[in-house]
Amino acid sequence: MLTTVISVMSRDRVGIVADVSARIAGLGGDIADLSQTTLRGFFTLILLATFPDGVSLEQLRGELGQIRDEPGADRKLELIVREVTEQLDPEPDAPSDEEYVLAVRGPDRIGLLADVTRICKEHQLNILDLSTRKSDGQYVTLLHVDAHRAPLDRLRETLVSASTVRGFAFTLQHNDVFRATHEIGA
Amino acid sequence: MVRSDQILSTVAMIQEEKLDVRAVTLGISLLECRGASPRATADAVRARLEQVAGRLVEVCDAASERFGVPITNTRLAVTPVAHIAAGFSADDFVLLAHALDDAAGALGVDLLGGYSANLENGMSRAGDAWIESLPEALSSTQRVCASAQVGTTRHGLNMDAVVRIAEAIVRTAERTADTGGFAAAKFVVFMNQPDDNPFMAGAIHGVGQPDAVVNIGVSGPGVIARAIERRLAASPVPRLQDLAEEIKRTSFRVTRTGELIGRFVAEQLELPFGNVDLSLAPTPDVGDSVGEIIRLLGVDAIGAPGSTAIVAMLNDAVKKGGAFASSSVGGLSGAFLPVCEDQELARAAADGSLTLEKLEAMTAVCSVGLDMIAIPGDTDAATLTGIIADELAIGLINNKTTAVRAIPVPGKAAGDYVAFGGLFGESVIMPVRNTGKSSRFAAFGGKIPAPLHSLRN
């Protein structure tokens with residue numbers, strides 16, 4: 001058996017996931033898990049698939065490498081295929097009790113996201129999800145973080161001084177507040 | 001992750017629209033504290049409060065930080081003291097008031113409610129002593145709030161109590177003439193008083209409650225006002241029921257925040273969670289006004305025709321949204337109209353659009369009553385008796401809570417100005433019409449009997 005992690009990036013068009021999964025099925029592959037995102041005209045996905053004995057990485061790269069970025073175009077999609085030999089992390093079940101949303105608002109400038117994510121790294125925060133949007137001429141970044149490894153009071157202190165020095169505003173709130181106000185049965 | 005636009009709307013509710021938990025009120029029973037003497041009772045009361053509520057402020061600070069929602073006040077509510085001080089003299093009652101005040105100070109809470117008595121079906125010796133103690137108790141303490149239930153739909157309206165309490169209010173205000181009669185702002189008289197309301201000055205820990213309980217008062221008039229504005233600006237043009245729906249949904253979100261925080265605080269203190277009171281309680285801050293909501297819903301001046309209907313719709317929509325949001329809704333749970341504490345209500349009172357009579361009408365359809373009304377210092381006690389009786393009769397017949405918190409401001413007349421400061425706010429002195437004409441009514445005393453529909457069995 002060959003267990004692989006496969007990542008794809010291309011222009012967004014109808015049918016990419018269909019093309020990818022058809023070729024995987026054609027090789028006898030079983031897709032265990034898949035996640036995809038689109039961003040302003042571009043598409044990316046990451047998936048885990050296991051193939052029967054006899055299928056090789058080269059074969060897989062060859063098959064998937066034929067998929068075109070746009071129908072009829074020459075350019076192919078960007079492709080990464082890697083064998084998975086290590087133990088996979090368990091499926092995430094219930095949310096941890098220490099999930100927070102860090103909302104950062106600041107003028108659109110080089111390095112804002114780098115500053116904030118560096119602070120997350122220094123404080124052992126795992127970023128579970130991240131999204132950005134422009135709102136009233138400001139750049140808003142929402143980070144959904146798991147804070148169970150980090151003492152939060154130190155994180156807050158760091159954010160307070162960084163926000164003053166680097167010119168952004170932030171809020172750091174337990175995820176339950178957002179679930180309570182927008183989910184029934186939360 | 002919850003959708004990013006939803007996250008941003010919750011953040012905006014808190015950061016910009018002034019959503020907060022207005023009060024976390026820990027209700028504590030004092031029934032075990034009666035000792036062999038007033039001094040022993042006062043000591044036991046103080047010890048009990050400090051033991052049960054020792055971590056309240058610290059836990060509330062942690063909750064506030066964790067969820068990013070301000071908790072504006074931490075408070076205590078106790079068993080109405082007349083129940084544990086029956087047999088005490090008025091001076092002994094005052095001793096108890098000081099013990100409560102000292103405990104509240106030591107614990108770092110801003111107000112403590114429950115310097116109270118049940119007088120709904122007649123006077124008692126304990127009630128007499130308690131009323132006699134009121135002026136001294138309220139003027140010599142900082143944090144103690146007092147209240148009385150002088151009637152219920154079940155029993156009728158105890159006019160003997162109303163007369164005596166009106167006199168006590170006047171005396172209490174006179175004792176604190178240098179602060180505009182402020183001591184009277186810490187006292188409310190009720191018909192059908194809820195025994196689990198987290199808001200002051202009427203919070204008590206009723207006799208049927210468990211030993212200790214955590215009650216939450218949320219608030220968010222600003223959130224509701226901004227939601228209405230957004231709906232008015234969106235298409236299609238809303239009709240009244242569409243606005244009611246918008247209020248209901250927003251009230252849901254506001255109440256959910258309170259429920260979340262209340263349960264966390266209760267869990268951390270290892271105490272039962274009582275209820276969420278989802279009232280719209282304004283503060284003097286700009287953007288935190290119930291008056292503004294009334295204006296947005298269609299009247300150019302608060303008090304203009306339409307105002308009562310608007311308040312009726314608002315009060316009902318708030319309850320509906322909140323009821324779905326919490327497993328346990330209680331207290332007053334409606335729209336408050338405290339004139340001094342609401343910038344726009346105070347302004348409407350000052351320019352004459354909002355009169356005492358119109359307020360009385362509006363209170364028939366909202367949740368509290370004539371609240372934080374500053375009246376001329378020379379208002380005679382019989383007139384004050386009549387004002388109280390009128391407001392409480394609305395509650396008596398309609399089987400709801402109504403109350404009066406009126407402050408006769410010594411030395412000031414209608415049109416003058418008084419400022420109490422902080423959450424207690426400021427306002428013009430409202431004119432009281434037809435003064436001096438209610439003495440014969442007040443002189444009768446006795447009781448207004450319970451209405452026919454109290455015979456429910």
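Can you bin every Cα-Cα distance in segment B:334-457 into 10 Å intervals starting at zero and give me the percent of pairs per bin, rounded to whole numbers?
For segment B:334-457, the binned pair fractions read 13, 42, 33, 11, 2, 0 percent.
How long is chain B along each principal axis, judged by its Cα atoms, biggest number first, in Å?
Dimensions of chain B along the principal axes of its Cα atoms: 63, 52, 51 Å.
To the nearest 0.05, what FRET efficiency results for A:Asp33 and A:Ser135 with a Förster distance of 25 Å applied to their C-beta separation?
About 0.15, to the nearest 0.05.
What fraction, in whole percent, of alpha-carbon pairs in segment A:1-143 exceed 25 Å separation?
When every Cα pair of segment A:1-143 is considered, 46 percent fall beyond 25 Å.
Any lysines with Cα under 27 Å of the B:Lys186 Cα? List them, leaving off those in the same chain fewer than 8 positions away.
Filter leaves B:Lys18, B:Lys319, B:Lys358, B:Lys400, B:Lys412, B:Lys447.
For segment A:1-74, which trypsin sites (Lys or Arg not before Pro) pass both filters: DSSP loop (anything but H, G, I, E, B) and at most 10 other C-beta atoms within 10 Å?
A:Arg40
What does the structure give for A:168-180 when I average, per residue, the other chain Cβ atoms found within 10 Å of the residue Cβ?
Counting other chains' Cβ atoms within 10 Å and averaging over A:168-180 gives 6.
Binning every alpha carbon pair distance of segment B:223-325 at 10 Å from zero, what are the percents per bin?
Reading upward from the zero bin: 15, 41, 29, 11, 4.
Identify the GluC sites (Glu not before Pro) of segment B:266-367 meeting these criteria: DSSP loop state and at most 13 other C-beta atoms within 10 Å of the C-beta.
Taking segment B:266-367 and a limit of 13 other Cβ atoms within 10 Å, the loop GluC sites (Glu not before Pro) found are B:Glu270.
Give me the tail of P(r) for segment B:1-101 as a percent: Cα-Cα pairs with distance above 19 Å.
55 percent
Are there DSSP H segments in chain B that both extend 20 Å or more along their axis (alpha-carbon positions) and score a mean Kyte-Doolittle hydropathy of at least 0.5? List them, or say none.
B:90-107, B:307-325, B:381-398
Taking square-rooted eigenvalues a ≥ b ≥ c of the alpha carbon gyration tensor, is segment B:401-457 rounded, prolate or oblate, where a/c under 1.5 means rounded and, failing that, a/b exceeding b/c means prolate?
Oblate, since a/c reaches 1.5 and b/c is not below a/b.
Let me know the shape class of segment A:71-186, please: from the alpha-carbon gyration tensor, a ≥ b ≥ c as square roots of the eigenvalues, rounded when a/c is under 1.5, otherwise prolate if a/b is greater than b/c, or oblate.
Since a/c reaches 1.5 but b/c is at least a/b, the shape of segment A:71-186 is classed as oblate.
Using only alpha carbon positions, build the gyration tensor of segment B:378-424, then give the equivalent ellipsoid semi-axes as the square roots of 5 times its eigenvalues, largest first, whole angstrom.
Three semi-axes, in Å: 25, 15, 7.
In terms of solvent-accessible area of protein heavy atoms at a 1.4 angstrom probe, what is the ranking of B:Met123, A:Met1, B:Met159, A:Met9, highest value first?
A:Met1, A:Met9, B:Met123, B:Met159
If you scale each eigenvalue of the Cα gyration tensor by 5 and take the root, what three semi-axes come out for segment B:347-399, rounded to whole angstrom and sorted largest first?
19, 16, 8
With the cut-off at 1.5 for a/c, could you classify segment A:24-69 from its C-alpha gyration tensor as rounded, prolate or oblate?
Taking the square roots of the gyration eigenvalues as a ≥ b ≥ c, segment A:24-69 is oblate.
Could you name the aspartates and glutamates in cross-link range of B:Lys248, using Cα to Cα under 13 Å and dropping any fewer than eight places away on the same chain?
Leaving aside aspartates and glutamates fewer than 8 places away in the same chain, those within reach of B:Lys248 are B:Asp316.
Return one whole number: the accessible area per residue of segment B:292-343 in Å², for a 1.4 Å probe.
Computed with neighbouring chains in place, this is 32 Å² per residue.
Based on Cα positions only, what radius of gyration and what Dmax would you give for the protein assembly as shown, in angstroms?
30.6, 106
Counting only helical runs of four or more DSSP H residues, what would the 222 nm mean residue ellipticity of chain A come to if each run contributes -39,500 (n - 2.57) and the total is spread over all its residues?
Estimated from H runs of four or more residues: -8500 deg cm²/dmol.
Which loop trypsin sites (Lys or Arg not before Pro) in segment B:397-446, with loop taken from DSSP, have no more than 16 other Cβ atoms within 10 angstrom of their Cβ?
B:Arg433, B:Lys437
Could you tell me the accessible area of B:Asp102 in Å² (1.4 Å probe, neighbours in place), rounded to the nearest ten?
Only protein atoms counted, so the area is about 80 Å².
Roughly how many Å² is the accessible area per residue of segment B:1-139, as a whole number, for a 1.4 Å probe?
35 Å²
Heavy atoms only, probe 1.4 angstrom, no DNA, RNA or ligands counted: give me B:Asp288, A:Asp89, A:Asp33 ranked by accessible area, highest first.
I get A:Asp89, A:Asp33, B:Asp288, largest accessible area first.
Using 5 Å bins from zero, what percent of all Cα-Cα pairs in segment A:120-186 falls into each bin?
Taking every Cα pair in segment A:120-186, the percentages come to 3, 14, 20, 25, 21, 12, 4, 1, 0.
What does the convex hull of the alpha-carbon atoms of segment B:120-189 project to on average, in nm²?
4.4 nm²
Restricting to bridges with both residues inside the protein assembly as shown, how much of the DSSP beta-bridge set is antiparallel, in percent to the nearest 5?
70 percent
How do A:Lys76, B:Lys18 rank by accessible surface area computed with a 1.4 Å probe, from largest to smallest?
Largest accessible area first, the residues go A:Lys76, B:Lys18.
Between A:Asp12 and B:Arg154, what is the label-to-label distance in nm when each label sits 7 Å out along the Cα-to-Cβ direction?
Label at A:Asp12, label at B:Arg154, 6.3 nm between them.
How big is the Cα convex hull of segment B:102-238 in projection, averaged over all directions, in nm²?
12.3 nm²
The values are calculated or read from the model by the stated rules, or taken from the named source; none is laboratory data. The model shown is predicted, which means the values in this text are computed figures rather than measured ones. Every residue, glycine among them, receives a Cβ derived from its backbone with ideal geometry; neighbour counts consider all protein chains shown. Just so you know, the surface numbers come from the protein's heavy atoms only, side chains and all, with ligands and any DNA or RNA stripped out. Shrake-Rupley method; radii C 1.70, N 1.55, O 1.52, S 1.80 Å.
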